[in-house]
Amino acid sequence: MIETVNLTKTYNPKRTPYTAINNVSLSLEGGESIAIMGKSGSGKSTLMHLLAGLDSPSSGEIYVNGTNLAAMSNRELNTFRNHSVGFVFQAFYLMPYDTVFENVALPLRIRKSSEKEIETQVTEMLESVGLSDKRYVDTIDLSGGQKQRVSIARALVTNPQVVFADEPTGNLDSETGEEIENLLFRMQKDYKATIIVVTHDKDLAEKCDEIVALKDGQVVDKDDV
């Protein structure tokens, strides 16, 4: 589903160049859970941003279902992200004074879905993540675990091809983090999405179907990070 060919990302090339991703070639299967693992500064977040179309490579190519992201215009990339990609972030990035329902509905409103579609799809997602009773609660009043459940519901409500989860349990205690991990993997199987988890947590990475280990911007054996 996702393939990179000689992917490289260099920042400040004309001043003090720093290569965050160095000649990375990958082939990732659809419908699987994939961990991008590495220590801070290894390039894992940069790789995620490239794969999600949030940043452009300095050289190399990225293919998603045969489509070359590097050849897309900004408008095409926006459409790709809105229709094919979902995001779960460590910091949640919710609208604190909007309800749970409106936070989950946001990608559908951006897509200009009908009110009937929004009602049906958001209601289904809230049931799936166990938040039906919180639909009219402002997200500022939720616990950390509940906020991350909202993030997962928002990421999956458009039925994306791939979900990127960037340190999804980083702000949670261990018990709540494990609950969120279990929910994320269950939702991945239920909705047949590809989930790419960016993490420095080896225990979380080991739960995924595949591990891509990074060190200094290059793919290495997972035992080397």
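The values are calculated or read from the model by the stated rules, or taken from the named source; none is laboratory data. From a predicted model like this one, the values you see are computed outputs, not experimental measurements. Cβ: placed from backbone, ideal geometry, glycine included. Neighbour counts: every protein chain shown.
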- Item | Check on Val150, in contact with a Gly (Cβ under 6 Å, 6 or more places away or on another chain) and surrounded by 24 or more Cβ atoms within 10 Å (Cβ to Cβ) | no
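Is it fair to say Val122 is at pLDDT below 95, crowded, with 20+ Cβ neighbours inside 10 Å and either within 19 Å of Phe92 (Cβ to Cβ) or among the hydroxyl-bearing types (Ser, Thr, Tyr) (or both)?
Judged against the criteria, Val122 is not a match.
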- Find the residue count for the stretch 64-120, including only residues that are part of a helix (DSSP H, G or I) and of a type in the set (Phe, Trp, Tyr). 2
- Which of the residues belonging to the stretch 21-53 are of a type outside the set (Gly, Ala, Ser), touching a residue at least 24 places away in the same chain (Cβ under 8 Å) and not in a strand (DSSP E or B)? Glu29, Glu32, Lys39, Lys44, Thr46, Leu47, Met48, Leu50, Leu51
- Task: May I ask you to list the residues in the stretch 25-44 that are more than 18 Å from Asn65 (Cβ to Cβ), out of contact with any helix residue (DSSP H, G or I) (no Cβ under 7 Å at 6 or more places or on another chain) and crowded, with 19+ Cβ neighbours inside 10 Å?
- Result: Ser42, Gly43, Lys44
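Sort out which residues of the stretch 4-20 are part of a strand (DSSP E or B) and either touching a Cys at 6+ places or on another chain (Cβ under 8 Å) or at negative phi (or both), and write them in order of number. Step through it out loud before you land on a result.
Let us first name the residues in the stretch 4-20 that are part of a strand (DSSP E or B), namely 4-11, 18-20.
Thr4, Val5, Leu7, Thr8, Lys9, Thr10, Tyr11, Tyr18, Thr19, Ala20, listed by residue number.
Select, from Ser113, Ser151, the only residue that is without any contact (Cβ under 8 Å) to a residue 40 or more places away in the chain, on the phi < 0 side of the Ramachandran plot and of a type in the set (S, T, N, Q). Reasoning before the result, please.
On the way: Ser151 fails: without any contact (Cβ under 8 Å) to a residue 40 or more places away in the chain.
One residue alone meets the criteria, Ser113.
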- Top-ranked residue of the stretch 66-90 - restricted to ones that are among the hydrophobic types (A, V, I, L, M, F, W, C) and over 22 Å from Ser27 (Cβ atoms), ranked as surrounded by the most Cβ atoms within 10 Å (Cβ to Cβ): Val88
